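The values are calculated or read from the model by the stated rules, or taken from the named source; none is laboratory data. Since this is a predicted model, take the numbers as computed values, not measurements. Don't worry about glycine lacking a Cβ; one is built from the backbone with ideal geometry, like all the others, and counts go over all protein chains shown. Side chains are part of the model used for accessible areas, which takes the heavy atoms of the whole protein and leaves out ligands, DNA and RNA. Shrake-Rupley method; radii C 1.70, N 1.55, O 1.52, S 1.80 Å.
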Amino acid sequence: MAKPFSAPCDVCAGQSISKQAVKWCPECEEAYCSECLKHHGIAKATKDHQVIAVENYLKLPPFVLETKHHCSKHGSRFQNYCRSHEIPCCKRCIDTDHKKCSDLPPLDDIIQDAKSSVAFVDIEERLHSLKKFFSEVIKEKEENLNELKVERHTIEKKIRKMRKDINQHLDNLEGQIMNKLSNQEDSHKKYQNIINAVKRTIHSNREPS
């Protein structure tokens, strides 16, 4: 049986409470149990956040899981994208590390442009082709596996029949040999009876009258 997808609730874990999470918020980058999810859904700062099921989140590719929405240096959410450095920035990053950078469009605009760009469409097509390719490979391997199973079953039947034929042939040989030996033994007994009779005659002739 496959191991069920599960993750602890991050809010409860911060309070040393162990509860299983049911939803994941990509914007908060936290997992929530059903109780904490209610508060997340009504809080002014987070009520518009789109959450996904934990089991679906854990199925995402590693590079998606490793994508962060918050700055590891300042803890703030990324708001802009620096084209010069090709990295997302939070407000404090702009004030400290990107004072001289002039091209800092909102990150949401970059994401929107990326979704409609030729490169993005090309990537989608490549991913679709890869998905089709791997689907065909999986199908081919499954067909090969089924063929191997059928072939194995056929070979097993042939081996069982061959073993049965060999055993039957050996039984026949054994019967023939045993019959031959039995006939030879019977012939030997006849000769032995004649020899015994001759011996008795010779012995009786030697006795004094």
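Assorted remarks:
- In summary, the aspartates and glutamates within cross-link reach of K161, defined as a Cα separation below 17 angstrom excluding same-chain residues under 8 places away, comprise E151, D171.
- FRET efficiency for the pair Q192 and K161, taken as 1/(1 + (r/R0)^6) with r the Cβ-Cβ distance and R0 = 35 Å, rounds to 0.15.
- More than 16 angstrom apart: percent of Cα pairs within segment 160-209: 64 percent
- Cysteine residues of the chain whose Cβ has no partner cysteine Cβ closer than 4.7 Å: C36, C82, C101.
- Pairs spanning more than 18 Å between alpha-carbon atoms, out of K68/K132; K23/K59; K59/K131; K38/K91: K68/K132; K38/K91.
- Accessible surface of E125 - all protein chains present, 1.4 Å probe, nearest 10 Å²: 110 Å²
- Cross-link partners for K157 among the lysines, with Cα-Cα distance under 23 Å and sequence neighbours closer than 8 places in the same chain left out: K149.
- For S84 and A43, the FRET efficiency from 1/(1 + (r/R0)^6), where r spans their Cβ atoms and R0 equals 22 Å, is about 0.05.
- Accessible solvent surface per residue of the chain, calculated while the other protein chains remain in place, 1.4 angstrom probe, Å²: 84 Å²
- Peptides ranked, highest mean first, by Cβ atoms within 10 Å: ranges 43-52, 93-102: 93-102, 43-52
- In the chain, the C-alpha radius of gyration followed by the widest Cα-Cα span (Dmax) gives 44.2, 152 angstrom.
- Heavy-atom accessible surface of K59, to the nearest 10 Å², is about 120 Å², with a 1.4 Å probe and all protein chains retained.
- The listed residues Y57, Y32, once ranked by accessible area (1.4 Å probe) with the largest placed first, stand as Y57, Y32.
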